[in-house]
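Asks: Below is one structure. I have some questions about it.
The values are calculated or read from the model by the stated rules, or taken from the named source; none is laboratory data. Keep in mind the model is a prediction, meaning the values are calculated, not measured. Because the Cβ atoms are built from the backbone with ideal geometry, glycine has one as well, and the counts that use them run over all protein chains shown.
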Amino acid sequence: MATAALPLRALTLRQLQFFSVLVEEGQFGRAARRLAITQPALSNAIKQMEKLLGAELLTRSTHRLELTPVGAEVLARTDFLVNTFEVALRDIESTVQRGRAFVRVGVIPSAAARVAAAVSEFLQRDGQREVELAWRDAPSTTLLAELRSGQLDMAVAAITEPPNGLTCIDLFRDPLVLVVRRDHPLAAAGDADWEAIGSERLVLFESGSMPALGNPARGQFAQGAEPYRVSYSETLYALVRSGQALGLMPRLYTTSLRDPELAVVPLQKPRIERRVVLAYLPGPMRNVVAQDLIALLRDRLPQAGEVTVRRMTRRTRARR
């Protein structure tokens, strides 16, 4: 078995970088220009990779390149190696030249406030001030993909099912809530169930965990009109404010909502929640600081996980 693996040891990081850039650009000419090499040199490097692997990585045509099934598997591992190498170099540079460890943190936007607060505490601790941080905010699916490819050290993300290949620590549960106009009957009721939504149109996020969370419940209660699907909370709030829809979103998004025209209503029967987790790759951390930050986030974020939603009762409305 060791003998069979020997040809692969002839693969170089440079060849892997060439392959990664070629797939990203989708064309030999553009990739060669980006890499500052000739097109024949790039073509020969890819052919040498295929020879060492004993399999085709790409199918070539006049107009485009396509990954073979083997090529797709190799690309995932190539991107991980290339990204890890580049980040390790940046970490070494930061440590040697500025005396700072380099750590990359991913976070879903709705959890950014509490993650930033916990990281601030970490930075203020003795001995932890010299850290260079890179922040990445994106939907959970993007963050988990970037973790797998070596572009992030850790991510706070929302999941509905355990993601393969990653270590996940449950932090807290984030239930779905309704956002309604303050003059809507559900605002005075204090909470709502799915049946109470009736035939009213909903508006929800088109990506992230919302399709997996909201669609099954809508189907169970046979709600009529197809919901509006939007990308940003500002658009969701605008549609609710104008009376065109009821907003359906994770409660975490509403913690910073300060709109006198809108109310947040807990949604029950069934109570549907997403899991907010701290995710990272299994195995040793790239540096001790990243490991220490994971430990702090694991301890601090569950304590801040329960968000109090103001229940909109008649009495509350009378005070406003």
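Asks: Scanning the stretch 2-31 for residues that are at pLDDT below 85 and of a type in the set (A, V, I, L, M, F, W, C), which turns out surrounded by the most Cβ atoms within 10 Å (Cβ to Cβ)?
Replies: Leu11
Asks: Just to be sure before I move on: is Gln39 surrounded by 13 or more Cβ atoms within 10 Å (Cβ to Cβ), without any contact (Cβ under 8 Å) to a residue 12 or more places away in the chain and farther than 29 Å from Arg104 by Cα in the structure I sent?
Replies: Yes; evaluated as a whole, the condition is true for this residue.
Asks: Scan the stretch 18-33 and report the pairs whose first residue is closer than 15 Å to Arg77 by Cβ and whose second residue is of a type in the set (Asp, Glu) and part of a helix (DSSP H, G or I), with Cβ atoms within less than 6 Å and a gap of 6+ or a chain change.
Replies: Ser20/Asp79
Asks: Mind checking which residues of the stretch 164-184 are part of a loop (DSSP other than H, G, I, E, B), on the phi < 0 side of the Ramachandran plot, surrounded by fewer than 19 Cβ atoms within 10 Å (Cβ to Cβ) and of a type outside the set (A, V, I, L, M)?
Replies: Within the stretch 164-184, Asn164, Arg182, Asp183 qualify.
Asks: Tally the residues that are of a type in the set (Val, Ile, Thr) and over 15 Å from Ile272 (Cβ atoms), restricting the search to the stretch 157-178.
Replies: Number of matching residues: 2.
Asks: For Ala188, are the conditions met, namely being under 20 Å from Arg275 (Cβ atoms), at pLDDT 85 or above and either outside the structural domain of Ala113 (by TED's automatic domain parsing) or assigned to a strand (DSSP E or B) (or both)?
Replies: No; evaluated as a whole, the condition is false for this residue.
Asks: Can you pull out every residue in the stretch 136-150 that is surrounded by fewer than 22 Cβ atoms within 10 Å (Cβ to Cβ) and either under 21 Å from Ser209 (Cβ atoms) or among the basic types (Lys, Arg) (or both)?
Replies: Within the stretch 136-150, Arg136, Asp137, Ala138, Pro139, Thr141, Thr142, Ala145, Glu146, Arg148, Ser149 qualify.
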